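Data first, discussion second: the structure below is written as structure tokens.
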Amino acid sequence: MNHFKLDSRLENDCFILSESEQFVLLLMNNSLVPWFILVPKTDKTELYELDTTTQTQIFSAINKISDVINSEFKPDKLNVAAIGNIVIQMHIHIIARYKTDAYWPGVVWGMSEKKAYESFEVKKITLVFTNILEL
């Protein structure tokens, strides 16, 4: 889509890991939890508003990303949520959670405790996810 523009809050808070014609995959700049955000390139704000084909593509991408997160990060739990109360642009959080992480068992958003990634960590994670969005 030619008119797609990533929300400035996502752009400022995240690194772009991968991009395809349909999606952008982001890494939240908080190394306390492996926190990924899938952004479908659509002007719709709710999943139910999408046609079945697009919904299937989103769930396929979530499944692929979740498989990689499980194998690379070995979390105790995966949190997957399409919550957009502040950032209205459709986006899906895919977060690796550990019983030992800084936020367990609570939610990750809105917390003041954060730790930025080192550049070498971002490069390593980017390599893992570079072509993940190719369907």
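Report ³J(HN,Hα) in whole Hz for each residue of region 123-129, in order, from the Karplus equation J = 6.51 cos²θ - 1.76 cosθ + 1.60 where θ = phi - 60°; Gly and Pro get x.
4, 5, 5, 4, 4, 5, 9
In the structure shown, do any of Lys41/Lys123; Lys5/Lys115; Lys74/Lys124; Lys77/Lys114 have a Cα-Cα gap over 22 Å, and if so which?
Details: Lys41/Lys123 24 Å; Lys5/Lys115 27 Å; Lys74/Lys124 16 Å; Lys77/Lys114 20 Å.
Violating the 22 Å limit, Cα to Cα: Lys41/Lys123; Lys5/Lys115.
List the trypsin sites (Lys or Arg not before Pro) in region 41-98 that DSSP assigns to loop (not H, G, I, E or B) and whose Cβ has at most 13 other Cβ atoms within 10 Å. Which are they?
On the way: sites: Lys41, Lys44, Lys64, Lys77, Arg97; in loops: Lys41, Lys44.
The qualifying sites are Lys44.
Can you give me the relative contact order of region 8-126 as a percent, contacts being Cα pairs under 8 Å and 6 or more apart?
Reported as a whole number, the value is 28 percent.
Give me the tail of P(r) for region 1-81 as a percent: Cα-Cα pairs with distance above 17 Å.
In whole percent, the long-distance tail amounts to 50.
Are there GluC sites (Glu not before Pro) in region 73-128 that DSSP puts in a loop and that have at most 14 other Cβ atoms within 10 Å, and which ones?
When the GluC sites (Glu not before Pro) of region 73-128 are filtered for loop state and at most 14 Cβ neighbours within 10 Å, Glu113, Glu118 remain.
Sort the following peptides by mean Cβ neighbour count (other Cβ atoms within 10 Å, averaged over residues), highest first: 26-34, 46-54, 7-15.
Packing order, densest peptide first, comes out as 26-34, 7-15, 46-54.
Compute the distance from the alpha-carbon center of region 91-135 to that of region 53-84, in whole Å.
With region 91-135 and region 53-84 each reduced to a Cα centre, they are spaced 12 Å.
Bear in mind these aren't lab numbers, they're just calculated from the coordinates by the rules spelled out. The structure presented is a predicted model; accordingly, all values stated were derived computationally and were not measured. A quick note on method: Cβ atoms are made from the backbone with ideal geometry, for glycine too, and the neighbour counts reach across all protein chains shown.
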